[in-house]
Amino acid sequence: MTPETEALAYPIGKFEMPLEYDETQIRKWIERIEVSPKWYDAAIENMDEAQLLTPYRPDGWTVMQVIHHVADSHMNAYIRFKWALTEDCPTIKPYHEKQWAELPDVFNVPVNVSVTILHALHRRWVALMRDMTTEDWKRAMVHPEHNRRMELWQLLAMYAWHTKHHFEHIFRLRERMNWL
Ligand code: NI
């Protein structure tokens, strides 16, 4: 990747796992999950077909694929939370996000359907997280590919980054293309 492509691919930088957390930090991450569906409303507002089919960077996903990907990804995240809260360190099921982004529904379903999913899904996810105790945040899952143990606070940190990461892809594309 050239530095230019890298900057387009990682507008807020790559995710870096924080080493520690506290209640205030958890609250801020949850707030980001809570508000981000509204960012996506704004991100796609008044976009026409051609704009939705524009890649956010050379060789990157189109706006449409980015939006449907965020819904796919966060549905998996929510399920992972529920697994970790109800099972003893479950092994999660990875999925091929690039291939999911090529399945027909991504091309056949309007993006606002996935933004509606985000509104509904994040509402349940946030309701779940707001009732989590200090012990709950330390519950963990295992990612089989790297055999890596991940605690729920780390998963939250990652998705708080993820929801902003993809929003910025679209927002910055709009700015560059002067679509605002
Ligand atoms: Ni992603």
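The values are calculated or read from the model by the stated rules, or taken from the named source; none is laboratory data. These figures come from a predicted structure and were not determined experimentally. Here Cβ is always computed from backbone atoms with ideal geometry, including for glycine, and neighbour counts include all displayed protein chains. For the accessible areas, the whole protein counts, side chains as well, though only heavy atoms, and no ligand, DNA or RNA atoms are used. Shrake-Rupley method; radii C 1.70, N 1.55, O 1.52, S 1.80 Å.
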Given (1) of a type outside the set (S, T, N, Q); (2) more than 16 Å from the ligand (Cβ to nearest atom); (3) more than 21 Å from Gly13 (Cβ to Cβ), where does Trp153 come up short, assuming only one miss? (3)
Go through region 9-29 residue by residue and tally those that are in contact (Cβ under 8 Å) with a residue 12 or more places away in the chain and open to solvent by less than 50 Å² (accessible area, probe 1.4 Å). 5
If you take the residues of region 156-180 that are in contact (Cβ under 8 Å) with a residue 24 or more places away in the chain and of a type in the set (A, V, I, L, M), which of them is nearest to the ligand (Cβ to nearest atom)? Met158
Criterion first (farther than 22 Å from Trp153 by Cα, within 15 Å of the ligand (Cβ to nearest atom) and at pLDDT 95 or above) does Val66 satisfy it? yes
State which residue is farthest from Val109 (Cα to Cα) when the search covers only region 41-54 and only residues that are surrounded by fewer than 16 Cβ atoms within 10 Å (Cβ to Cβ) and small (Gly, Ala, Ser). Ala42
Name the residue, out of Val111, Val106, Val126, that is touching a Leu at 6+ places or on another chain (Cβ under 7 Å), within 26 Å of Gln65 (Cβ to Cβ) and either modelled with pLDDT under 95 or of a type outside the set (Phe, Trp, Tyr) (or both). Val111
Test of understanding: among Arg32, Arg57, which residue is surrounded by 15 or more Cβ atoms within 10 Å (Cβ to Cβ), in contact (Cβ under 8 Å) with a residue 40 or more places away in the chain and out of contact with any His (no Cβ under 9 Å at 6 or more places or on another chain)? Arg32
Of (1) modelled with pLDDT of 95 or more; (2) surrounded by fewer than 18 Cβ atoms within 10 Å (Cβ to Cβ), Ala77 fails just (2)
When you scan region 143-180, how many residues do you find that are surrounded by 14 or more Cβ atoms within 10 Å (Cβ to Cβ) and not hydroxyl-bearing (Ser, Thr, Tyr)? 25
Checking Glu102 against (1) without any contact (Cβ under 8 Å) to a residue 40 or more places away in the chain; (2) within 14 Å of the ligand (Cβ to nearest atom): exactly one of these is not met. Which one? (2)
From the options Ala127, Ala140, residue that is open to solvent by less than 20 Å² (accessible area, probe 1.4 Å), of a type outside the set (S, T, N, Q) and more than 16 Å from the ligand (Cβ to nearest atom): Ala140
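So that you can scan it fast, the table gives a plain yes or no per residue for (1) within 13 Å of the chain's Cα centre (by Cα); (2) outside any helix (DSSP H, G or I); (3) of a type in the set (A, V, I, L, M, F, W, C):
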position	(1), (2), (3)
Gln51	no, no, no
Ile67	yes, no, yes
Leu85	no, no, yes
Tyr95	no, yes, no
Ser114	yes, no, no
Ala120	no, no, yes
